[in-house]
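The structure that follows is given in the form of structure tokens.
The values are calculated or read from the model by the stated rules, or taken from the named source; none is laboratory data. All values reported here derive from a predicted model rather than from experimental measurement. Counting neighbours? That spans all protein chains shown, and the Cβs are built from the backbone with ideal geometry, glycine included.
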Amino acid sequence: MNPTESSDGGNLIEAAAVCVVGGAFASAVGAPFGLALPLGAVGAANGAICGWRRIYDWSCSTGLVAFTLDSTWALPMTAAGLASQAMGVVRGAPGYDASLSRRANRQVFRRGFVPRSGFAITIGNVVSGAGDTTVARRRRLIADHEDVHVWQARWFGPFYPVLYGGWMLVGGAAGMMVWVLRRRSERFTKVVESCAYYLNPFEWWAYSRDDHWPPAGKVAGLGWRAPVVRPRRRH
């Protein structure tokens with residue numbers, strides 16, 4: 001953790017308090033499985049970093065819910081998020097973006113872990129690949145699309161990567177069959193990507209919330225036609 005990243009308001013008292021409580025919650029969850037120490041360490045580390053950066057919004061119930069889930073049910077995703085943000089710190093500037101993180105119940109990196117150029121990726125409560133966050137569209141992508149993934153990881157907890165990854169595997173195989181049987185005019189990779197990624201219900205949800213359904217990269221007429229949720233209201 002780089003203290004300079006939180007110079008706009010890092011709070012040692014909040015970091016200590018959230019570290020202790022997060023570690024206690026996580027240890028209690030891990031104790032029945034003999035994992036009190038490793039899970040407690042994850043909860044404490046997440047609490048210390050998030051408390052220092054002041055990411056949890058304690059002024060409303062969402063902050064308490066986010067912290068509780070990150071420290072209990074969603075601990076596997078929280079652990080993965082710690083690894084993701086370590087990559088963000090190592091890669092250096094442009095790094096952590098406090099303006100999109102503080103009291104937003106998430107941590108945002110302009111670079112960080114980016115397996116695909118141009119695409120943001122969310123792991124646990126950590127968003128990487130935000131890019132140029134001075135651009136309004138990139139800020140909205142984080143607030144409306146990637147924030148959905150942050151909460152999906154919390155609500156679905158350890159099942160989230162299984163369900164997301166399982167859809168990609170099955171959807172990719174279905175895409176190959178679709179291309180062979182029905183869509184020889186479309187590029188093979190585009191059909192497979194549409195079925196594996198864009199039609200993934202988790203992505204359908206996020207793109208819909210971001211008011212970008214159908215997305216430009218999806219094969220026209222393939223799969224879900226209408227948004228699954230209403231776009232987020234903007235004031």
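Of the residues ARG187, ARG154, ARG182, only one is basic (Lys, Arg), touching a helix residue (DSSP H, G or I) at 6+ places or on another chain (Cβ under 6 Å) and farther than 20 Å from TYR96 by Cβ; which? Full working, then the answer.
Numbers: ARG187 fails: touching a helix residue (DSSP H, G or I) at 6+ places or on another chain (Cβ under 6 Å); ARG182 fails: touching a helix residue (DSSP H, G or I) at 6+ places or on another chain (Cβ under 6 Å).
That would be ARG154, the only listed residue that is basic (Lys, Arg), touching a helix residue (DSSP H, G or I) at 6+ places or on another chain (Cβ under 6 Å) and farther than 20 Å from TYR96 by Cβ.
State yes or no: is VAL135 farther than 24 Å from THR189 by Cα, within 14 Å of the chain's Cα centre (by Cα) and in the same structural domain as ASN46 (by TED's automatic domain parsing)? Walk me through how you get there before you give the answer.
Details: farther than 24 Å from THR189 by Cα: yes; within 14 Å of the chain's Cα centre (by Cα): no; in the same structural domain as ASN46 (by TED's automatic domain parsing): yes.
So VAL135 fails the test.
Same structure again: Scan region 19-37 and report the pairs whose first residue is part of a helix (DSSP H, G or I) and whose second residue is β-branched (Val, Ile, Thr), with Cβ atoms within less than 6 Å and a gap of 6+ or a chain change.
PHE25/THR72; ALA26/VAL42; VAL29/THR72
Among the residues in region 158-167, are any more than 12 Å from the chain's Cα centre (by Cα) and modelled with pLDDT under 95?
no
Okay, moving on. Spot the failing condition for ALA153; the list is (1) in the same structural domain as ALA80 (by TED's automatic domain parsing); (2) surrounded by fewer than 18 Cβ atoms within 10 Å (Cβ to Cβ), and only one is missed.
Answer for ALA153: the failing condition is (2).
So in region 176-202, with the set limited to residues that are buried (at least 21 other Cβ atoms within 10 Å of the Cβ) and over 22 Å from TYR160 (Cα atoms), which one is farthest from the chain's Cα centre (by Cα)?
Among those residues, the one meeting the criterion is TRP179.
Write out, first by first residue and then by second, each pair whose Cβ atoms fall under 8 Å of each other, whose residues are 6+ apart or on separate chains, and whose first residue, in region 48-71, is over 15 Å from SER101 (Cα atoms) while the second is part of a helix (DSSP H, G or I) and polar (S, T, N, Q).
Pairs found: ASP70/ASN46; ASP70/THR78; SER71/ASN46; SER71/THR78.
Another question, then. For residues that are on the phi > 0 side of the Ramachandran plot and small (Gly, Ala, Ser), tally how many sit in region 199-233.
Within region 199-233, the subset on the phi > 0 side of the Ramachandran plot is 211, 221, 223.
Still in the running and small (Gly, Ala, Ser): 221, 223.
Qualifying residue count for the region: 2.
I want to confirm something. Restricting to region 203-218 and keeping residues that are farther than 19 Å from GLY165 by Cα and in contact with a Phe, Trp or Tyr (Cβ under 8 Å, 6 or more places away or on another chain), which single residue is surrounded by the fewest Cβ atoms within 10 Å (Cβ to Cβ)?
Keep residues of region 203-218 that are farther than 19 Å from GLY165 by Cα, which gives 208-217.
Okay, now just the ones that are also in contact with a Phe, Trp or Tyr (Cβ under 8 Å, 6 or more places away or on another chain), so 213-215, 217.
On the way: TRP213: 21, PRO214: 21, PRO215: 16, GLY217: 10.
Out of the qualifying residues, it is GLY217.
Please indicate, with yes or no, whether at least one residue in region 203-215 is under 13 Å from ASP144 (Cα atoms) and either small (Gly, Ala, Ser) or more than 20 Å from the chain's Cα centre (by Cα) (or both).
Scanning region 203-215, I find at least one residue that is under 13 Å from ASP144 (Cα atoms) and either small (Gly, Ala, Ser) or more than 20 Å from the chain's Cα centre (by Cα) (or both), so the answer is yes.
Further question: So which residues in region 129-179 are acidic (Asp, Glu) and closer than 16 Å to PHE109 by Cβ?
Let us first name the residues in region 129-179 that are acidic (Asp, Glu), namely 132, 144, 146-147.
ASP132, GLU146, ASP147 - these are the residues of region 129-179 that are acidic (Asp, Glu) and closer than 16 Å to PHE109 by Cβ.
I would also like to ask the following. Exactly one of (1) at pLDDT 95 or above; (2) loosely packed, with under 15 Cβ neighbours inside 10 Å; (3) among the β-branched types (Val, Ile, Thr) is unmet by THR72. Its number?
The one condition THR72 does not meet is (2).
Among the candidates LEU35, LEU39, which residue alone is at pLDDT 95 or above, out of contact with any His (no Cβ under 6 Å at 6 or more places or on another chain), more than 26 Å from LEU12 (Cβ to Cβ) and aliphatic (A, V, I, L, M)? Talk me through it step by step, then tell me what you get.
On the way: LEU39 fails: more than 26 Å from LEU12 (Cβ to Cβ).
Residue meeting the stated conditions: LEU35.
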